[in-house]
Amino acid sequence: MTRKMETGKKLKAADMSVPVMLAPYALLFTVFIILPILIAVILSFTAFNAVQPPKVNGLANYVALLTQDTEFLKYVFPNTVKFALIVGPFGYMLQFLLAWALAQIPKGLRTVLALIFYSPSMAGGVVSAVIWKVVFTGDQYGYLNHILQQFHIIEKPVQWLQDTSLILPIMIFVTLWSSMGVGFLAMLSGVLNIDPQLYEAGYIDGIKNRFQEIIYITIPSMKPLMLFGAVMAIVNTFSTGKIGVDLTGANPTPGYSGSTMVTHIEDYGFLQYDMGYANAIAVVLLIIIYVFSRVVNKFFAEKD
């Protein structure tokens with residue numbers, strides 16, 4: 001009887017310790033995630049210039065965004081969609097393929113290559129822009145112009161970062177180059193931790209090649225990590241649209257050709273000081289990210 005009472009006390013103490021251990025995380029999550037989102041939602045219904053107190057204006061910001069903001073409707077939103085639909089899926093597939101390929105080589109070489117692929121994501125947008133600005137410099141001393149002229153592919157230097165037809169493709173290329181982040185490491189970890197016996201059993205059951213191995217064993221065995229990588233890809237895709245401003249040095253970018261919702265938020269919030277309108281754009285962006293995340297979650301959800 002005494003042992004049972006002692007066991008019960010220990011279980012109660014363990015149950016009490018869980019909320020206590022989660023309290024710091026819950027506090028930080030509330031302060032740095034929940035409160036900023038609530039404040040952004042509230043300010044999106046106001047006219048706020050960051051100097052005078054905000055004045056409630058109802059849905060005026062959202063109406064203006066969806067009906068009157070010509071730049072948003074003609075350039076910013078289409079650019080954001082194009083950027084997301086290319087960088088998101090292609091970056092995600094590239095993360096998985098590189099993770100799978102690295103898992104097939106010896107540990108020493110795999111570690112070196114993983115670090116090489118991961119390091120651009122740690123550099124940040126500004127550092128990436130500095131590196132690629134040198135490559136895409138519009139004079140004859142720019143690396144890309146110099147190489148193309150040496151091979152007589154072009155006759156005169158191309159203004160890579162001023163040509164409105166080239167800015168978005170360059171943004172996509174640079175973002176894909178730096179997209180091997182945390183999601184990539186999570187996928188690599190998932191591939192490496194799959195039980196080798198599953199592959200042996202698969203070949204016994206009729207799997208004949210590596211493609212079938214990936215489809216029927218690798219991906220199903222690491223669904224949680226695939227989901228994590230997909231969510232991270234969505235968030236990063238919509239939040240890294242600022243690379244166009246970093247490359248061109250202008251916000252908005254020339255002809256709005258590289259402007260995205262992120263840069264539109266910065267334009268109105270920090271250049272025009274229309275914080276209410278900027279928060280309305282941010283809330284719309286948050287809703288888009290949430291919808292995409294829910295779709296991805298349903299796709300990778302475990303079926304009963």
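So here's what we get for this one:
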quantity	calculated
Boolean, residue 99 is of a type in the set (A, V, I, L, M), part of a helix (DSSP H, G or I) and either within 18 Å of residue 229 (Cα to Cα) or in contact (Cβ under 8 Å) with a residue 40 or more places away in the chain (or both)	yes
Search result, residues across the range 144-182 that are closer than 23 Å to residue 123 by Cα and in a loop (DSSP other than H, G, I, E, B)	160, 161, 178, 179, 180, 181
Filter result for the condition that a residue is surrounded by 17 or more Cβ atoms within 10 Å (Cβ to Cβ), within 30 Å of residue 113 (Cβ to Cβ) and touching a helix residue (DSSP H, G or I) at 6+ places or on another chain (Cβ under 6 Å), over 92, 75	92
Boolean, residue 229 is within 17 Å of the chain's Cα centre (by Cα) and at pLDDT below 85	yes
Filter result for the condition that a residue is surrounded by 14 or more Cβ atoms within 10 Å (Cβ to Cβ) and under 30 Å from residue 168 (Cα atoms), over 80, 70, 46	80
Residue identified as under 23 Å from residue 96 (Cβ atoms), in contact (Cβ under 8 Å) with a residue 12 or more places away in the chain, crowded, with 19+ Cβ neighbours inside 10 Å and more than 15 Å from the chain's Cα centre (by Cα) among 218, 248, 253	218
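The values are calculated or read from the model by the stated rules, or taken from the named source; none is laboratory data. As the structure is a computational prediction, the values presented were derived from the model and not from experiment. Cβ: placed from backbone, ideal geometry, glycine included. Neighbour counts: every protein chain shown.
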